[in-house]
Structures are given as C-alpha cells and as structure tokens.
Amino acid sequence: MRGRAAGRVRERELGARGACRIAGVDEVGRGSLAGPVVAAAVILDPDRPVRGLRDSKLLSRGERERLAARIEERAVAAGIGAADAGEVDSMNILRATLLAMRRAVEALAVSPDYLLVDALHIPGVDLPQEGVVHGDRLVASIAAASILAKVHRDALMRSFHDLYPGYGFGSHMGYGTEGHLVALRRLGSTPLHRVTFRGVPPHSRPAVAAAAPRSG
C-alpha cells in the first residue's frame, strides 16, 4: 500500500448535521477502449470500520480483493451499476458514467440521505450530494466505492478474456495498451469495444456473450 488511508472527516461533519446514511460513489473504466464503465455506491457502517481504504489505483489486486470482501461484509449497503459499450457510444462517456453512478445508487438496498461523489454531480437523483475532487483519496466511503467498482469490473473483463481470446482483456482490462492496439489492428473490434474512441475500428466480430449487467 502507498499513501495515507482515506479519512472520515467529511462523513463526520455531515453526521453532525444529521446525515446518517452517507453513500460514497465512484467509477472505473472511463478511459478504457472496451467493456463497461462500472460504478459503485457504498454506505459504510461507522461501528464496523474497514481499515486501509484507499483509492483503488494505489492498491494491488490482492489488497483490493481483500478490502472488497471486508467492505461487502461490513457496509450498511453497497450497490453496483454499469453502462455498457453501446451506451458509451450512444451517449458519450461522461453521460454513461453518470448513468452508471445513478444505477449504483439505485441498487443500494438501503436508501442514503446524502451522496459524496468523486468529482461529479449525478443528475436524476433526488438526494443532496456533493462532488469531492480527489474524493477516492480523501473520503473513506468514496475509496470503498472505488475498490468495489474496480474489483467488479476487473472480474468482468477477465470473463471476457475467455470469450474473446487474442485481445488480452484479462491483463489490460480493456485499456489502450500497445498489445491491445496491436490486437485491434490484427483482429478488428468486438461488440465490447467503444467504436467512438480513437484507435477502435468499427465492430467486425459478432457478439458471443450477453452484455454486461447494468446494475446489481
């Protein structure tokens, strides 16, 4: 692990003002050439803290998976939402990201009374909310959401690795590595690819799997 763990200062401030079910929201996969953008929403339980919460990018795969298991065990509620490649292409990546975030909030089994969102404001959600710049490094609930979203999306991309061999989805998770770009030039794109992104040719391979779930 690197850097300081995310804190609960903002959650405590909101709690002092009467908010008791504060959900952190974050996403992963915005810059990927393939696969869905995935968001998570997490309401942490202050009586069952999860130590070591950090931005998922600062953690190893093993650390993320261990923390994800603790978050799911100890959180008041956690929800996953996604927007697939077709939605990204039809509405643009920002709107698809906000849609995935809204779906994550709607997937929560317990309704939150306040949202802390990593740097964005989610339209269409009738809840008080604020965007926190670098929230995944500063706010514990947003860090927890970043970890759940990353673990969920990585598992999904590894499943696509077997369905579309030759692209290396299990290693680069859909991002634009040199190996991925070489595979695109050699094999063409799949229905998982975002054809509105630079470097991705029009779809040339048929779908062999159902689309990624849009909420969970």
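Laboratory data are not the source of any read-out in this text; all were calculated from the coordinates shown. Note that the structure is a prediction, hence the values are computed from the model and not measured. Backbone-built Cβ (ideal geometry, glycine too); neighbour counts: all protein chains shown.
If I stretch the segment between Glu65 and Ser159 completely, what's the gain in nm (0.36 nm per residue apart, minus their alpha carbon distance), one decimal?
Separation in residues times 0.36 nm, less the Cα-Cα distance, equals 32.2 nm.
Going by how many other Cβ atoms sit within 10 Å of their own, how do Thr196, Thr97 line up, fewest first?
If I rank by nearby Cβ atoms, fewest first, I get Thr196, Thr97.
Quick check: residue separation of Glu130 and Arg185 times 0.36 nm, minus the Cα distance between them. What number comes out in nm?
Between Glu130 and Arg185, full extension yields 15.6 nm more.
In 10 Å bins starting at 0, how do the alpha-carbon pair distances of the chain split up by percent?
For the chain, the pair-distance distribution reads 9, 36, 33, 17, 5, 0.
Which order do Ile80, Ile147, Ile43 fall in if you start with the one that has the fewest other Cβ atoms within 10 Å?
Fewest-to-most Cβ neighbours within 10 Å comes out as Ile80, Ile43, Ile147.
Mean-square fluctuation check for the chain, GNM, Cα pairs under 10 Å: which of Arg74, Arg48, Arg17 is largest?
Arg17
About the Cα centre of the chain, how large is the charge dipole given +1 on each Lys and Arg Cβ and -1 on each Asp and Glu Cβ? Please answer in debye to the nearest 20.
560
Could you derive backbone 3J(HN,Hα) for the range 18-25 from the dihedral phi with the Karplus parameters 6.51, -1.76 and 1.60 (θ = phi - 60°), listing whole Hz in sequence and x where the residue is Gly or Pro?
Those phi angles translate into x, 6, 10, 10, 9, 9, x, 10 Hz.
Give me Leu163, Leu14 sorted ascending by neighbouring Cβ count inside 10 Å, so fewest comes first.
Leu163, Leu14
Taking only Cα atoms, what is the 0 to 90° angle, nearest 10, from helix 140-163's long axis to the longest principal axis of the chain?
Taking Cα atoms only, the helix is inclined about 20 degrees.
Only sites in a loop by DSSP and with at most 11 other Cβ atoms within 10 Å count here; which trypsin sites (Lys or Arg not before Pro) in the range 126-173 make the cut?
none
Could you work out how far helix 178-187 tilts from the main Cα principal axis of the chain, as a 0 to 90 degree angle to the nearest 10?
40
Subtracting the Cα-Cα distance from 0.36 nm times the residue separation, let me have the gained length for Arg17 to Glu106 in nm, one decimal.
29.7 nm
I'd like the Karplus ³J(HN,Hα) series for the range 79-88: coefficients 6.51, -1.76, 1.60, θ = phi - 60°, whole numbers in Hz, and an x wherever there's a Gly or Pro.
Values per residue, Gly and Pro as x: x, 10, x, 9, 10, 7, 4, x, 5, 4 Hz.
From the phi of every residue in the range 103-111, what ³J(HN,Hα) in whole Hz does the Karplus formula 6.51 cos²θ - 1.76 cosθ + 1.60 yield, where θ is phi - 60° and glycine or proline is x?
Per residue, the Karplus-derived 3J(HN,Hα) values read 5, 5, 4, 5, 7, 5, 6, 10, 6 Hz.
Could you work out which residue, out of Ala83, Ala149, Ala119, moves most in a Gaussian network model of the chain, that is, has the largest mean-square fluctuation with Cα springs under 10 Å?
Of Ala83, Ala149, Ala119, the Gaussian network model singles out Ala119 as fluctuating most.
Only Cα pairs within less than 10 Å get springs; with that Gaussian network setup on the chain, which residue of Arg64, Arg12, Arg21 has the largest fluctuation?
Top of the fluctuation ranking is Arg12.
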